[in-house]
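For reference, the structure is listed below as structure tokens.
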Amino acid sequence: MKVLIVGSGGREHAIAWKISKSNKVDKIYCAPGNAGIAQIAECVDIGAMEFDRLVAFAKEKEIDLTVVGMDDPLVGGIVDVFREAGLRVFGPEKKAAILEGSKAFSKDLMKKYHIPTAAYETFHSADEAMAYLKTAKYPIVLKADGLALGKGVLICNTMEEAMEGVKTLMLDKQFGAAGNTIVIEEFMTGREVSVLSFVDGKTIKIMTSAQDHKRAGDGDTGLNTGGMGTFSPSPFYTKVVDDYCQKYIYQPTVDAMRAEGREFKGIIFFGLMITQEGTKVLEYNARFGDPEAQVVLPRMKNDIVEVFEACVDGTLDTIDLEFEDNAAVCVVLASDGYPVKYDKGFEIKGLDSFTEKEGYFVFHAGTKLSEGKIVTNGGRVLGVTATGEDLKAARANAYEATKWIEFDNKYMRNDIGKAIDEA
Ligand code: AMP
Ligand code: GLY
């Protein structure tokens, strides 16, 4: 089989690596890819939003299956364009990807189908939002309706902060049209957990759990980022929590989408918060998490291409997902200054140390090939993942492996997975 992957981050590198382990696949392409993906796939210089060029490429190369890693093309309808061209593609159609593309949609869906989530109101004008804030309880959470690179969520401690937030989102339009509508929601406290799943329209199969670290600094300080590291499984995701989510969240979400005429095929990523009153949905995504994929996929035993095909064909009920009885930790190596301002173009040394070391992975995010050398090319540069027999061992292994890599302005958090000490 020939497979095309759409995307260019650490997540897509992890997907490409996992696909490369499939017995069914003899050739992998990636658009646009990066320097690490180029070691296992042929990268082609086509952007993820250039649907017509991607379709033409897939036809020319007779691609058997296209896998879309990123949210933007999914929400923009890439799957519909591929299907209309008669091409096989893994991911939700536009009408289903709205589960991630509109927070107002997903909140209304949860309310209508009684799926547990924080109480909320939706606003289409700044005046109405500000009037509401005058009688609200604090802290409170503001969310831009549309995609905002994971940065459209503002947690506001006071009315003044919230008013400022409404201005930023709705009037100054920091995230463009994504802020035309906002959701204002109740602030919740608890443990966060990310649960990824495969869905074929009617059946849902849950992968192992993970936890992300979104803030830039140790001790969860500093700005929100795309994710500075992950661990899997989450010790807080117990059997009791799983049973509850199976009953009230996972299948009910898939059934709700079907009932709305928006059958979902692809990945549903459940961002959950385990609160005193039970587990609630923080958000849905319509794709693998980044860097959740970098700890979940190395633990997955199945041939992922078989699972992708079962989702496309509606036969996921015949598949048993299996994960290793171990743990994995991913530490993101970033450019100092991320997510605000940082330099790039520095040579990365030590990548060869990972070759053929079982249980150690270096997934490239922002890297590129320049004059025969691999150099830094983004805020998040690499994800160093290691497995171990338990979370403590995986964490020690991952931090050991971060020492093998060197580049100027290398920055990482030193407390990825530290929360497990409290479990
Ligand atoms: P989201 O993109 O909706 O997952 O939000 C990003 C982050 O903001 C989450 O991972 C949480 O840490 C935080 N967050 C979102 N919604 C809430 C909420 N209702 N209460 C507390 N924290 C929240
Ligand atoms: N790591 C969070 C996300 O991929 O949205």
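State the antiparallel share, in %, of DSSP beta bridges confined to segment 19-170, rounding to the nearest 5.
50 percent
Classify segment 1-57 as rounded, prolate or oblate, taking a ≥ b ≥ c as the square roots of the eigenvalues of its Cα gyration tensor: rounded when a/c is under 1.5, otherwise prolate if a/b is larger than b/c and oblate if not.
Since a/c reaches 1.5 but b/c is at least a/b, the shape of segment 1-57 is classed as oblate.
With springs only between Cα atoms under 10 Å, which of G77, G266, G86 fluctuates most in a Gaussian network model of the chain?
G86
Largest first and to the nearest Å, give the Cα extent of segment 272-423 along each principal axis.
Taking the Cα atoms of segment 272-423, the three principal extents are 48, 39, 31 Å.
Could you compute how fast the chain diffuses translationally, taking Rh as the Kirkwood radius over C-alpha pairs and applying Stokes-Einstein at 37 °C with viscosity 0.692 mPa s? Give it in µm² per second.
My calculation gives 150 µm²/s for D.
Any idea how many Lys pairs in segment 205-284 come in under 18 angstrom at the alpha carbon, given 8 or more places apart or on separate chains?
Count of close lysine pairs: 6.
Charges at C-beta only: +1 for Lys and Arg, -1 for Asp and Glu. How large is the resulting dipole of segment 230-354 about its Cα centre, in Debye rounded to 20? Don't jump to the answer; show the numbers that get you there.
Working: 12 positive and 22 negative charges, 92 e Å.
My answer is approximately 440 debye.
Ordering R53, R83 from largest to smallest accessible area (1.4 angstrom probe), what's the sequence?
R53, R83
Convex hull over the alpha-carbon atoms of segment 103-175: what's its volume per residue in Å³?
That works out to 93 Å³ per residue.
Mean 1/r over all different Cα pairs, inverted: what Kirkwood radius does segment 182-278 give, in Å?
Evaluated on segment 182-278, it is 14.9 Å.
Using the Karplus curve 6.51 cos²θ - 1.76 cosθ + 1.60 with θ = phi - 60°, what ³J(HN,Hα) values do you get for each residue of segment 97-104, in whole Hz, with x for Gly and Pro?
Karplus-based 3J(HN,Hα) across segment 97-104 equals 5, 4, 3, 9, x, 9, 5, 5 Hz.
Rg to Rh for segment 241-309: what is it, with Cα atoms only and Rh by Kirkwood?
0.99
With Rg and the Kirkwood Rh both taken from Cα atoms, where does Rg over Rh land for segment 35-91?
0.94
Using a Gaussian network model of the chain with C-alpha springs under 10 Å, which one of K239, K344, K265 is most mobile by mean-square fluctuation?
K239
Any idea how far the Cα center of segment 255-312 sits from the one of segment 122-142, in Å?
Segment 255-312 and segment 122-142 have Cα centres spaced 30 Å from each other.
Please provide three numbers in whole Å: the alpha-carbon extents of segment 348-423 along the principal axes, with the largest listed first.
47, 26, 16
Sorted by accessible area with a 1.4 angstrom probe, largest first, how do L321, L297 fall?
Of L321, L297, the descending order of accessible area is L321, L297.
Can you tell me the length gained on complete extension of the stretch I40 to T135, counting 0.36 nm per residue apart and subtracting the Cα distance?
Here the segment from I40 to T135 would lengthen by 28.6 nm.
Considering Cα pairs under 8 angstrom that are at least six residues apart, work out the relative contact order of the chain and quote it in whole percent.
16 percent
Measuring from centroid to centroid over Cα atoms, what is the spacing of segment 1-45 and segment 185-205 in Å?
26 Å
Would you list which lysines come within 19 Å of K373, measuring only between C-alpha atoms, while excluding same-chain residues fewer than 8 positions from it?
Here the lysines satisfying the reach criterion relative to K373 are K344, K349, K410.
Once you order the gyration tensor axes a ≥ b ≥ c over the Cα atoms, which shape class does segment 1-102 get: rounded for a/c under 1.5, otherwise prolate or oblate by comparing a/b with b/c?
It comes out prolate by the Cα gyration axes.
How charged is the neighbourhood of T122? Take every other residue with its Cβ under 14 Å from the Cβ of T122, and add Lys/Arg as +1 and Asp/Glu as -1. Please report the intermediate quantities before stating the final value.
Values: positive: K103, K107, K111, K112, K143; negative: D108, E121, E128, D145, E185, E186.
Taking every Cβ under 14 Å from that of T122, the sum is -1.
Could you state how much accessible area V340 has, in square angstrom rounded to the nearest 10, with a 1.4 Å probe and all protein chains kept in place?
My reading of the accessible area for V340 is about 110 Å².
If r is the Cβ-Cβ distance from Y113 to K151 and R0 is 25 Å, what FRET efficiency results, to the nearest 0.05?
Once rounded, the FRET efficiency stands at 0.35.
The values are calculated or read from the model by the stated rules, or taken from the named source; none is laboratory data. What you are looking at is a predicted structure, and each value in this text was computed from that prediction instead of being measured. Positions of Cβ are backbone-derived with ideal geometry, glycine not excepted, and every protein chain shown enters the neighbour counts. Please note that ligands, DNA and RNA were not included when accessible areas were found on the heavy atoms of the full protein model with its side chains. Shrake-Rupley method; radii C 1.70, N 1.55, O 1.52, S 1.80 Å.
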